[in-house]
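First comes the structure, then the notes that go with it.
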Amino acid sequence: MNHIYYFYGEESRSHDFLFYVLNRYYGIAASEKDLKKSPCGKLYLEGSAIHFNLSHSKDVVALAVGNSPVGLDVEKLRDKNFSKVANVYFGNSATDAESFFTLWTKAESFVKYRAGTL
């Protein structure tokens, strides 16, 4: 079963958050030395059956954990100039910030699930 956890705080504490969740809810005592990176940069624990994915945006950190591959993306809505990126990836489907970030987080989550990057 997959679960999503989140906290509001500094991005620099995201690994501490990951280790806390893995220890408290999954009984896995992990630390920085246990983290490995795939060729595309996705973190994993070598030899573990647990899959996870971290995402952060500003002061929000989100974590998906499961027994099968997971992917998630979190973005805080902001008035950023997204029109060039929107046209490249989504054509005319993303005309405002909310629709752009909805499409972007869905796409990014799927790509992370497949262990890739946009």
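The values are calculated or read from the model by the stated rules, or taken from the named source; none is laboratory data. None of these values were measured; they are calculated from a predicted model. For neighbour counting, all protein chains shown are included, and Cβ atoms are generated from backbone atoms with ideal geometry for every residue, glycine included.
Scanning region 83-102 for residues that are in contact with a helix residue (DSSP H, G or I) (Cβ under 8 Å, 6 or more places away or on another chain) and surrounded by 19 or more Cβ atoms within 10 Å (Cβ to Cβ) turns up A86, A94, F100.
For region 87-97, does any single residue satisfy the condition of being under 30 Å from K33 (Cβ atoms) and modelled with pLDDT under 90? Checked region 87-97: no residue is under 30 Å from K33 (Cβ atoms) and modelled with pLDDT under 90. Of the set (1) assigned to a loop (DSSP other than H, G, I, E, B); (2) in contact (Cβ under 8 Å) with a residue 40 or more places away in the chain, all apply to E75 but (2).
Scan region 5-35 residue by residue and report those that are touching a residue at least 40 places away in the same chain (Cβ under 8 Å) and of a type in the set (S, T, N, Q).
S14
Do we have V111 as part of a strand (DSSP E or B), touching a residue at least 24 places away in the same chain (Cβ under 8 Å), within 23 Å of K36 (Cβ to Cβ) and β-branched (V, I, T) here? So V111 does not fit the description; no. Pairing each residue of region 36-51 that is within 16 Å of V65 (Cβ to Cβ) with any residue that is surrounded by 12 or more Cβ atoms within 10 Å (Cβ to Cβ) and at pLDDT below 90, provided the two are 6+ apart or on different chains, yields C-beta distances under 6 Å for K42/A115. The residue that is surrounded by the fewest Cβ atoms within 10 Å (Cβ to Cβ), among those in region 1-52 that are among the β-branched types (V, I, T) and under 16 Å from the mean Cα position of the chain (by Cα), is I4.
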